[in-house]
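Inspection log for the structure reproduced underneath, given as structure tokens.
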């Protein structure tokens with residue numbers, strides 16, 4: 001089970017270990033926000049809009065994964081000109097969402113996320 005303290009620890013660890021992190025959120029798969037750390041210079045939509053968008057994207061990715069026989073979803077990456085978003089399921093009810101600068105090393109980000117989420121939950 002994910003509690004707010006877990007989300008705070010994850011956000012602090014990700015921000016400490018990588019430069020270029022803009023926002024760290026944990027959203028529920030039902031589209032409700034659970035935790036949002038927009039950082040010092042918040043950009044983008046409010047936490048409710050972020051949660052709804054991510055929940056829909058994860059749901060769609062899971063359906064696509066089932067149709068294409070990829071197995072469970074480990075992470076979803078959306079690359080834009082201004083930012084990159086990585087969404088990683090923490091358990092059946094929660095998804096970690098990291099928004100970062102477009103030049104952040106995604107391999108390093110994946111390693112950091114694997115380390116900081118290892119004891120929190122399992123990938124859905």
Residue 11 vs. criteria over 22 Å from residue 82 (Cα atoms), in contact with a strand residue (DSSP E or B) (Cβ under 8 Å, 6 or more places away or on another chain), at pLDDT 90 or above and not in a strand (DSSP E or B): no
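The rows are residues; the columns are (1) touching a residue at least 60 places away in the same chain (Cβ under 8 Å); (2) surrounded by fewer than 16 Cβ atoms within 10 Å (Cβ to Cβ).
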| position | (1), (2) |
| --- | --- |
| 65 | no, yes |
| 92 | yes, yes |
| 100 | yes, no |
| 113 | yes, no |
Filter result for the condition that a residue is over 17 Å from residue 18 (Cα atoms) and within 15 Å of the chain's Cα centre (by Cα), over 67, 83, 51: 51
Hey, residue 104 touching a strand residue (DSSP E or B) at 6+ places or on another chain (Cβ under 8 Å), buried (at least 17 other Cβ atoms within 10 Å of the Cβ), touching a residue at least 12 places away in the same chain (Cβ under 8 Å) and more than 20 Å from residue 50 (Cα to Cα) or not: yes
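The values are calculated or read from the model by the stated rules, or taken from the named source; none is laboratory data. As the structure is a computational prediction, the values presented were derived from the model and not from experiment. Quick reminder, even Gly has a Cβ in these numbers, built from the backbone with ideal geometry, and neighbours come from all protein chains shown.
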